[in-house]
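J.: Before we start, here is the structure in question, set down as structure tokens.
Every number in this text was worked out from the coordinates using simple rules, so none of it is lab data. Given the structure is predicted, the values throughout are model-derived calculations rather than measurements. Reconstructed Cβ throughout: ideal geometry from the backbone, glycine too, with neighbour counts over all protein chains shown.
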Amino acid sequence: MRITGMRAGWARVAMTVRADMVNGHAVCHGGIVFALADSAFAFACNSHNESTLAAAASIDFLAAAREGDELTAEASELWRSRRNGLYEIIVSNQRGERIALARGRSYRVDGQVVGGE
């Protein structure tokens with residue numbers, strides 16, 4: 001996985017589906033797709049330089065990803081308060097087809113990500 005974009009409240013992470021990431025149906029394992037979405041979520045909710053953890057996450061798988069596909073997860077902040085945040089994560093392939101739609105709820109803890117306490 002590699003970070004391909006990041007700003008306050010938003011992050012994009014990409015990866016290429018390898019042979020060791022596919023399951024018995026020759027499609028990318030759902031846990032791999034979830035890990036990509038979760039990584040984008042983590043970077044987006046920590047982009048304000050406030051230590052933030054996942055409090056909840058869910059995913060809907062919309063289409064199969066296959067070996068060789070380039071997947072991109074874009075996480076966008078929908079709402080943020082002092083301690084909580086809500087994020088939408090869209091996972092797409094190289095053709096722009098949506099593979100999954102995820103949602104994450106974050107919880108801010110004390111400290112900073114960089115130069116923190």
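J.: May I ask you to list pairs of residues, at least six apart or on different chains, whose Cβ atoms are under 7 Å apart, with the first in the range 89-117 being on the phi > 0 side of the Ramachandran plot and the second being surrounded by fewer than 18 Cβ atoms within 10 Å (Cβ to Cβ) and of a type outside the set (Gly, Ala, Ser)?
T.: Here the result reads Gly111/Glu117, each pair linking the range 89-117 to a residue that is surrounded by fewer than 18 Cβ atoms within 10 Å (Cβ to Cβ) and of a type outside the set (Gly, Ala, Ser).
J.: Let me ask something additional. Cβ-Cβ distance below 8 Å, separation of 6 or more or different chains: which pairs start in the range 1-14 with a residue that is touching a residue at least 40 places away in the same chain (Cβ under 8 Å) and end on one that is surrounded by fewer than 16 Cβ atoms within 10 Å (Cβ to Cβ) and acidic (Asp, Glu)?
T.: Close Cβ pairs (under 8 Å, with a partner that is surrounded by fewer than 16 Cβ atoms within 10 Å (Cβ to Cβ) and acidic (Asp, Glu)) amount to Ala14/Glu70.
J.: Kindly indicate whether Ala57 is part of a strand (DSSP E or B), touching a residue at least 60 places away in the same chain (Cβ under 8 Å) and over 13 Å from Gly9 (Cα atoms).
T.: Taking the combined requirement at face value, the residue does not satisfy it.
J.: Can you tell me which residues in the range 63-103 are hydrophobic (A, V, I, L, M, F, W, C), surrounded by 14 or more Cβ atoms within 10 Å (Cβ to Cβ) and not in a strand (DSSP E or B)?
T.: Result: Ala64, Ala65.
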